[in-house]
Amino acid sequence: MSARSSRRRWLVGMGFLLPNFIGLCAFTLVPLALSFGMAFTDWDILRHNVFRHEALHFVGFENFTRLFGDPQFWRDLGNTFFLMLGLPFGIAGSLGAALLLTRVGRRRCAVGPALGVATVIFVASGLVLLRGGMPGGGLCLLFGTFAASVLAAGVLSNGTVYRTLFYLPSFTSGVATFVLWKNLYNPHSGPINLALARLGFDPPNWLGDYEWAKPALMIMALWAAIGSNNMILYLAALGNVSPELYEAADIDGASPGQRFWNITWPQLAPTTFFIVVTGVIAGLQGGFEMARPMTGGGPAGSTTTLSYFIFTEGFETGRLAYASAVAWFLFVLVFILSLLNFRLLKRHADD
Amino acid sequence: MPTTDPRDPPAATRGLGLHVLMTGLSLAMIAPFAWMVLASLKSLAEAGDPAWLPRTYHWSNYADVFRVIPFLRFVANSFVVAGWVTFLQVFTSALAAFSFARLEWPGRDRIFFLYLGTMMLPWLVMLMSNYEIMVHFGLVDSYTGLVLPAVFCSLGTTFSAFGTFLLRQFMLGIPRALDEAAEMDGASKWRIFWDVILPLSRPGLATLAIFTFIGNYQSFFWPLIMMKTVDKYTLPVGLLFFDSEHGQATHLLMAAVTMSVLPLIALFVIVQRQLLRGIQLGAVKG
């Protein structure tokens, strides 16, 4: 009786799971095993395709030994790590934005004076247009109108408008914004170098320059990272910090710096930890989507990351086996990080 | 509150400086979009001119985009592909999540661990072999081949195991008493799923749908290697194609970029609240 009912429960449970489980097996677990096998063969699109079926050869660790002797692999690993140096800036930016947003939300601002300031900005930019004429004045009026309406909306909405505007770059981040930034960085027709030249700098050739291409990608990534999901997570975490902690600190006469380092920062530690781990895992696999439209991996391979290397090896030269070996190298890195993640999370939970 | 600090500004202007600062930062964040729209209105002759404002406004650039590339096809392809991935993923994940969250069956927890494990796999590992499987079944350059792996494998976006996890977390928060009451009335498990749990999970389902749709609307790597015919390109691949073919025509390119970004901005404004709550739901326990 009980065996029969347990079998029945298994059938019902499995029945609900099945559509999802079959898909997971077919498109994640089988490909996982297949890719592991591939990494130890000489699988090449040129020799193994719909038209040619040459025998596959087991080559042992040859792909891996070749990989570790491949200067391109080390260069691309270096590039990947270099781009990941932008991560702490992005996290600091998200935290800073979240702190500011929290502060704006908590403190009521007098609406009257704020609307006054907005009006002054608007009128002043209009006067600039009247006195200076087009096109500089027009731009001034445009931004003045923007500023006045954002400020007014920000005060009236108690700060949520800022959150929305901060979040937009991250939400729209994709090939479209990468193509946009490629044009922003254009040394002849882009606004970035126009502004830098006006300010008296000698602007770099950004994406066309071996030294500047990586920082250019990092600056763009920072723009998209500040208002990202990380900022939202920080906002939620800040909302959960008990106000009593701050009240106690105020009674002790703590300075703002002490309040931050002794209360806020430790309270945010689990969130920060989650953000760092997911950021590192994404960073190890990232770079291709930005570099493909913006630099094509150049100049001279300076923005070719490991994911770009996988694209070139696997889908341009067709050495799928070799590309799989790179992917499994990444797998090991991510696996170690995940273990570390678990260990630290556990220690945190035990505390 | 402690005694007022003598350095505190008068109440009338308190917080005003902060608002001015935030306004400045907000402007910096959206300045690229402003340039994008302005550049999309320039004439061909002005396209290489760094000035922000066009001398004359060429709204016809937007119409020209449709003439130069099959832009509408790209948009339609993106919506169809992202729509199918979203529907299949949300539906199968809801079924699986119900099984994990509401049913007791032998082996359940072990399989759930397997699901958790797959969420930690780097997606680049499954990329080559998924492509080879599609080659094997002759599905390269087909929508079936583009959609199915994207539903059940992380190819740079959310996938069914993540969806299952997210919805399971959500369903665990629904009171058990509801199922029990329905069961007393003689409802089958399917009825409980369809009539009780699914309607109550609507916020979770909506969140997952938004994540999945946006991720696949923006997805680039997988469509790039799968689609070979220009007419079948999704928007990101189509934009790259536009850039490589007509990259000099900045004004048209920016019109296309504007038309790719605007639906996202509109969508964001609509779903904002749902989305922001969902981010916390998905990540805090992850």
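Please work out if A:Leu268 is assigned to a helix (DSSP H, G or I) and open to solvent by 10 Å² or more (accessible area, probe 1.4 Å).
For A:Leu268, the condition - assigned to a helix (DSSP H, G or I) and open to solvent by 10 Å² or more (accessible area, probe 1.4 Å) - is not met.
Could you list, in sequence order, the residues of the stretch B:157-204 that are among the hydroxyl-bearing types (Ser, Thr, Tyr) and within 13 Å of chain A (Cβ to nearest Cβ)? Please lay out each step first, then the result.
Start the filter on the stretch B:157-204 by keeping residues that are among the hydroxyl-bearing types (Ser, Thr, Tyr), which leaves B:157-158, B:160, B:164, B:188, B:201.
If the condition is that a residue be among the hydroxyl-bearing types (Ser, Thr, Tyr) and within 13 Å of chain A (Cβ to nearest Cβ), then B:Thr157, B:Thr158, B:Ser160, B:Thr164, B:Ser188 are the ones that fit.
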Every residue in the stretch B:22-45 that is open to solvent by 50 Å² or more (accessible area, probe 1.4 Å) and at pLDDT 90 or above, please. B:Leu25, B:Ala28, B:Val37
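Evaluate the following for B:Phe74: is it over 28 Å from B:Arg176 (Cα atoms) and either in contact with a Lys or Arg (Cβ under 6 Å, 6 or more places away or on another chain) or open to solvent by less than 40 Å² (accessible area, probe 1.4 Å) (or both)?
Values: over 28 Å from B:Arg176 (Cα atoms): yes; either in contact with a Lys or Arg (Cβ under 6 Å, 6 or more places away or on another chain) or open to solvent by less than 40 Å² (accessible area, probe 1.4 Å) (or both): yes.
Here the answer is yes, as B:Phe74 does meet what is asked.
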Assess whether A:Phe166 counts as being within 13 Å of another protein chain (Cβ to nearest Cβ) and under 25 Å from A:Thr305 (Cβ atoms). no
Restricting to the stretch A:37-77, name every residue that is open to solvent by less than 50 Å² (accessible area, probe 1.4 Å), in a loop (DSSP other than H, G, I, E, B) and either of a type outside the set (Phe, Trp, Tyr) or closer than 27 Å to A:Thr303 by Cβ (or both). A:Ala39, A:Asp42, A:Asp44, A:Ile45, A:Asn49, A:Val59, A:Gly60, A:Asp70
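From A:Phe273, A:Phe260, grab the single residue that is open to solvent by 40 Å² or more (accessible area, probe 1.4 Å), in a helix (DSSP H, G or I) and either charged (D, E, K, R) or within 16 Å of A:Leu99 (Cα to Cα) (or both).
Being open to solvent by 40 Å² or more (accessible area, probe 1.4 Å), in a helix (DSSP H, G or I) and either charged (D, E, K, R) or within 16 Å of A:Leu99 (Cα to Cα) (or both) holds for just one of A:Phe273, A:Phe260, which is A:Phe260.
State all residues of the stretch A:208-217 that are within 19 Å of the chain's Cα centre (by Cα) and either within 14 Å of A:Gly301 (Cα to Cα) or surrounded by fewer than 23 Cβ atoms within 10 Å (Cβ to Cβ) (or both); if no residue qualifies, say none.
Initial filter on the stretch A:208-217 (within 19 Å of the chain's Cα centre (by Cα)): A:213-217.
A:Ala213, A:Lys214, A:Pro215, A:Leu217, listed by residue number.
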Among the residues of the stretch A:300-324, write down those that are over 14 Å from A:Gly78 (Cβ atoms), within 25 Å of the chain's Cα centre (by Cα), open to solvent by less than 10 Å² (accessible area, probe 1.4 Å) and hydrophobic (A, V, I, L, M, F, W, C). A:Ile310, A:Ala323
From A:Thr177, A:Thr164, grab the single residue that is under 15 Å from A:Ser228 (Cβ atoms) and surrounded by fewer than 23 Cβ atoms within 10 Å (Cβ to Cβ). A:Thr164
Can we say B:Pro203 is surrounded by fewer than 21 Cβ atoms within 10 Å (Cβ to Cβ), of a type outside the set (Lys, Arg) and in a helix (DSSP H, G or I)? yes
Return only the number of the condition from (1) modelled with pLDDT under 90; (2) more than 12 Å from every other protein chain (Cβ to nearest Cβ) that A:Gly286 does not satisfy. (2)
Name the pairs whose Cβ atoms lie under 6 Å apart, with the first residue in the stretch A:78-94 and aromatic (Phe, Trp, Tyr), the second in a helix (DSSP H, G or I), and 6 or more positions between them or separate chains? A:Phe82/A:Lys214; A:Phe89/A:Leu222
Subset of the stretch B:41-65 [at the interface with chain A (Cβ under 10 Å from one of its Cβ atoms) and either of a type in the set (Phe, Trp, Tyr) or closer than 24 Å to A:Ser173 by Cβ (or both)]: B:Trp52
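Checking the condition in contact with a helix residue (DSSP H, G or I) (Cβ under 9 Å, 6 or more places away or on another chain), buried (at least 19 other Cβ atoms within 10 Å of the Cβ) and at pLDDT 90 or above, which residue from B:Gly238, B:Gly282, B:Gly278 passes?
Details: B:Gly282 fails: at pLDDT 90 or above; B:Gly278 fails: at pLDDT 90 or above.
Just one listed residue meets the conditions, B:Gly238.
Is the stretch A:159-181 home to any residue that is over 30 Å from the mean Cα position of the chain (by Cα), over 20 Å from B:Pro50 (Cβ atoms) and among the hydrophobic types (A, V, I, L, M, F, W, C)?
We begin by selecting, within the stretch A:159-181, every residue over 30 Å from the mean Cα position of the chain (by Cα); these are none.
Within the stretch A:159-181, not a single residue is over 30 Å from the mean Cα position of the chain (by Cα), over 20 Å from B:Pro50 (Cβ atoms) and among the hydrophobic types (A, V, I, L, M, F, W, C).
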When the stretch B:206-215 is examined, which residues are found to be buried (at least 19 other Cβ atoms within 10 Å of the Cβ) and out of contact with any Leu (no Cβ under 7 Å at 6 or more places or on another chain)? B:Ala209, B:Phe211, B:Thr212, B:Phe213, B:Ile214, B:Gly215
Residues located in the stretch A:22-36, provided they are over 20 Å from A:Gly318 (Cβ atoms) and either open to solvent by 50 Å² or more (accessible area, probe 1.4 Å) or part of a loop (DSSP other than H, G, I, E, B) (or both): A:Ile22, A:Val30, A:Ala33
With A:Leu115, A:Leu142 as the choices, which residue is open to solvent by 50 Å² or more (accessible area, probe 1.4 Å), within 11 Å of chain B (Cβ to nearest Cβ) and free of Cβ contacts under 8 Å to residues at least 40 places away in the same chain? A:Leu142
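Out of the residues in the stretch B:241-275 meeting the condition of being polar (S, T, N, Q) and at pLDDT 85 or above, tell me which one is nearest to the chain's Cα centre (by Cα). Steps first, please.
Start the filter on the stretch B:241-275 by keeping residues that are polar (S, T, N, Q), which leaves B:244, B:248, B:250, B:258, B:260, B:272, B:274.
Next, from what is left, pick out any that are at pLDDT 85 or above: B:244, B:250, B:258, B:260.
Working: B:Ser244: 25, B:Thr250: 27, B:Thr258: 18, B:Ser260: 13 Å.
My answer is B:Ser260.
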Mind checking whether some residue in the stretch A:305-326 is closer than 20 Å to B:Ser244 by Cβ, within 8 Å of chain B (Cβ to nearest Cβ), part of a helix (DSSP H, G or I) and touching a Ser or Thr at 6+ places or on another chain (Cβ under 6 Å)? no
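Among the candidates B:Gly117, B:Gly156, single out the residue that is assigned to a helix (DSSP H, G or I) and either within 30 Å of A:Asp42 (Cβ to Cβ) or under 15 Å from the mean Cα position of the chain (by Cα) (or both).
Working: B:Gly156 fails: assigned to a helix (DSSP H, G or I).
Unique residue meeting the criteria: B:Gly117.
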Is it the case that the stretch B:119-132 has a residue that's within 30 Å of B:Val196 (Cα to Cα) and open to solvent by 30 Å² or more (accessible area, probe 1.4 Å)? yes
Out of the stretch A:276-299, which residues are aliphatic (A, V, I, L, M) and crowded, with 21+ Cβ neighbours inside 10 Å? A:Leu284, A:Met290, A:Ala291, A:Met294
Among the residues of the stretch A:145-161, the number that are surrounded by 21 or more Cβ atoms within 10 Å (Cβ to Cβ) and at positive phi is 1
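The values are calculated or read from the model by the stated rules, or taken from the named source; none is laboratory data. Keep in mind that this is a model prediction, so the values were computed, not measured. A quick note on method: Cβ atoms are made from the backbone with ideal geometry, for glycine too, and the neighbour counts reach across all protein chains shown. Keep in mind that these areas ignore ligands, DNA and RNA; they rest on the heavy atoms of the full protein, side chains included. Shrake-Rupley method; radii C 1.70, N 1.55, O 1.52, S 1.80 Å.
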